[in-house]
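Let me begin by presenting the structure, written as structure tokens, before commenting on it.
The values are calculated or read from the model by the stated rules, or taken from the named source; none is laboratory data. Just so it is clear, the model here is predicted, and its values are computed rather than measured. With ideal geometry, Cβ positions are generated from the backbone for all residues, glycine too; neighbour counts draw on all protein chains shown.
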Amino acid sequence: MAPERKHTSDAILDAVRTLLLDGGPRAATIAAIASASGAPPGTLNHRFGNREAILSATWLRAVERFHEHAFGALRSTEDSVEVAVALSLSVPAFARTYPDDARLLLSLRSTDVLGADAVSRLDEMNEPLFSAMRDLTRAVYGRADARSRDRLMRAVVDLPYAAVRRHMPTLPGWLEEDLAAAVRHLLAAHND
């Protein structure tokens with residue numbers, strides 16, 4: 001049986017996330033990460049490889065956590081409009097469950113955090129979600145042309161991201177109710 005790790009990867013990534021949120025990517029140096037996490041630089045390099053890989057792992061973990069909510073929403077019902085509503089509500093659900101990860105994804109750009117290798121990993125991670133959204137567009141509008149895709153994106157991505165971003169870090173209790181009503185309205189208004 002392997003000995004328990006003194007410095008867990010999650011604790012290290014939590015420390016990196018805090019550094020990123022407090023000071024941006026430049027603040028997350030190996031020395032700062034070592035100081036914030038308590039893990040020696042050698043442990044950081046052995047576990048992750050280098051600073052770029054540590055920052056990338058922090059971002060990708062947040063994306064994985066968001067995907068848990070989004071894919072759960074996609075499987076929530078058979079009604080395509082209600083799936084779209086659930087997908088939009090996955091954004092505040094994620095933000096309530098992982099508020100610091102939500103702040104990270106909403107306040108920084110992936111290009112400022114991800115290394116070159118991680119960009120392709122992010123694309124691979126996102127492809128099933130993008131594919132599901134193309135299918136959802138067809139289910140809601142009966143077609144998947146550029147305008148229909150844009151309409152769905154406005155309802156299930158732009159609107160919930162903007163609402164969550166505006167209210168972070170404390171989301172009001174009524175947000176989901178108002179968001180669901182707005183998404184239903186947007187989808188119905190453009191279902192021509």
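Which residues, taken from the stretch 48-92, are more than 26 Å from residue 188 (Cβ to Cβ) and of a type in the set (Gly, Ala, Ser)?
Matches in the stretch 48-92: 49, 53, 56, 57, 62.
Could you check residue 111 against (1) within 26 Å of residue 16 (Cβ to Cβ); (2) touching a helix residue (DSSP H, G or I) at 6+ places or on another chain (Cβ under 6 Å); (3) hydroxyl-bearing (Ser, Thr, Tyr) and say which number it fails?
(2)
Suppose we keep only residues that are of a type outside the set (S, T, N, Q) and not in a helix (DSSP H, G or I) within the stretch 21-35. Which one would you say is surrounded by the most Cβ atoms within 10 Å (Cβ to Cβ)?
Just the residues of the stretch 21-35 that are of a type outside the set (S, T, N, Q), to begin with: 21-28, 30-34.
Now drop any that are not not in a helix (DSSP H, G or I), which leaves 24, 28.
Numbers: 24: 13, 28: 24.
The extreme case among them is 28.
Tally up the residues in the stretch 32-62 that are under 19 Å from residue 115 (Cα atoms), aliphatic (A, V, I, L, M) and without any contact (Cβ under 8 Å) to a residue 40 or more places away in the chain, please.
3
Mind checking which helices (runs of 4 or more DSSP H) fall wholly inside the stretch 36-101 and carry at least 1 residues that are at pLDDT 95 or above, farther than 19 Å from residue 137 by Cβ and touching a Leu at 6+ places or on another chain (Cβ under 6 Å)?
The helices (runs of 4 or more DSSP H) meeting that bar are 51-74, 80-97.
Just to be sure before I move on: is residue 139 of a type in the set (A, V, I, L, M), within 28 Å of residue 189 (Cβ to Cβ) and out of contact with any strand residue (DSSP E or B) (no Cβ under 9 Å at 6 or more places or on another chain) in the structure I sent?
Yes.
Looking at (1) crowded, with 16+ Cβ neighbours inside 10 Å; (2) farther than 20 Å from residue 180 by Cβ, which is the one condition that is false for residue 73?
Status for residue 73: all satisfied but (2).
Considering only residues that are part of a helix (DSSP H, G or I) and charged (D, E, K, R), which ones fall in the stretch 173-192?
176, 177, 178, 184
Looking at 114, 104, can you tell me which residue is aliphatic (A, V, I, L, M), under 20 Å from the mean Cα position of the chain (by Cα) and modelled with pLDDT of 95 or more?
104
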